[in-house]
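A.B. asks: Take a look at the following structure, please.
The values are calculated or read from the model by the stated rules, or taken from the named source; none is laboratory data. If you're wondering where the values come from, they're calculated on a predicted model, not measured in any experiment. Note: ideal-geometry Cβ built from the backbone for every residue, glycine included; neighbour counts use all protein chains shown. Accessible surface is based on the protein model in full, side chains and every heavy atom, while ligands, DNA and RNA are left aside. Shrake-Rupley method; radii C 1.70, N 1.55, O 1.52, S 1.80 Å.
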Amino acid sequence: MLLDGDIILINEEFFAERVTPAQLDTLLADGWRHFGEQFFRYSLGVHEAEIRRVIPLRIRLSNFSPSKSQRRVLRQNDDLGVRIRPVEVTDESADLFQRHKQRFKFGVPDSLYDFLSDDPANTPCEAFEVAVHFQGKLVAASYFDVAATSLSAVYGMFDPELQSRSLGIFTMLKEIEFAMSNGKEFYYQGYAYEGESFYDYKKRFRGTECFDWRGQWELYSPLPVN
């Protein structure tokens, strides 16, 4: 159990069919996330039978630059086709989701609609996807929200047969590129856990900040950025 020191307990949710870009910025800055129309935030979670602190993460884009390994991921995948477009759930993306979810041991999701609304490009906010193709086949996709001054990652997936390409990192880097090219200030990676976990890849980006659940964001740099 990794709960030394003060413990702040927050566990809240609400449902909304529509939030404005400015409202989404405010929610993200207060540690909120959403899947479809369900908005939630929680400061503690259970990971591998341990109670862990939940750490909301974001990148201050003015402080971001790709690491050596991230630049290598971009070079490795420069033969792929990349399109950024409004979210659309297709038979191809649903099939990719079914293959990708085989990676999970716990909390295996049922479908993309566990994370997206029935109108994913517009509800509860504007959302886009990064669609990655190789030899005419969809091999990776990620989904993100667009707020007034920020972007927020929602979900990412890739073909397990191409795991060596680090396509999850690749689509995150493409989302960051999109955010920077559109003048955004922040990119929200989502939640991670205190200590080691499946989500540690989110911590390995320069310029990452963490939310202290008291209303403040501070620089977060516990993991080496190579």
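A.B. asks: For region 118-137, which positions are in contact with a Ser or Thr (Cβ under 7 Å, 6 or more places away or on another chain) and open to solvent by 10 Å² or more (accessible area, probe 1.4 Å)?
C.D. replies: Answer for region 118-137, where residues must be in contact with a Ser or Thr (Cβ under 7 Å, 6 or more places away or on another chain) and open to solvent by 10 Å² or more (accessible area, probe 1.4 Å): just Thr123.
A.B. asks: Could you list all residues from region 201-226 that are farther than 19 Å from Asp25 by Cα, more than 12 Å from the chain's Cα centre (by Cα) and of a type in the set (D, E, K, R)?
C.D. replies: Arg204, Arg206
A.B. asks: Of everything in region 19-58, what is in contact with an Asp or Glu (Cβ under 9 Å, 6 or more places away or on another chain), in a loop (DSSP other than H, G, I, E, B) and either among the aromatic types (Phe, Trp, Tyr) or surrounded by fewer than 15 Cβ atoms within 10 Å (Cβ to Cβ) (or both)? Give them in sequence order.
C.D. replies: Trp32
A.B. asks: Checking the conditions here, which among Tyr191, Tyr143, Tyr155, Tyr201 is in contact (Cβ under 8 Å) with a residue 24 or more places away in the chain, open to solvent by 70 Å² or more (accessible area, probe 1.4 Å) and over 14 Å from Arg60 (Cβ atoms)?
C.D. replies: Just a single option satisfies the conditions, and that option is Tyr201.
A.B. asks: Related question: Filter region 162-177 for residues that are touching a residue at least 60 places away in the same chain (Cβ under 8 Å) and more than 14 Å from the chain's Cα centre (by Cα) and give the result.
C.D. replies: Step one: of region 162-177, the residues touching a residue at least 60 places away in the same chain (Cβ under 8 Å) are 165-167, 169-170, 173-174, 176.
Within region 162-177, Arg165, Ser166 meet the criteria.
A.B. asks: Output the residues belonging to region 61-87 that are free of Cβ contacts under 8 Å to residues at least 60 places away in the same chain and open to solvent by 40 Å² or more (accessible area, probe 1.4 Å).
C.D. replies: Arg71, Arg72, Arg75, Asp78, Asp79, Arg83, Arg85, Pro86
A.B. asks: So, one more: Tally the residues that are closer than 21 Å to Glu196 by Cα and hydrophobic (A, V, I, L, M, F, W, C), restricting the search to region 17-62.
C.D. replies: 8
A.B. asks: Among (1) hydroxyl-bearing (Ser, Thr, Tyr); (2) open to solvent by 10 Å² or more (accessible area, probe 1.4 Å); (3) under 28 Å from Phe186 (Cα atoms), which single condition is Ser111 missing?
C.D. replies: It is condition (3) that Ser111 fails.
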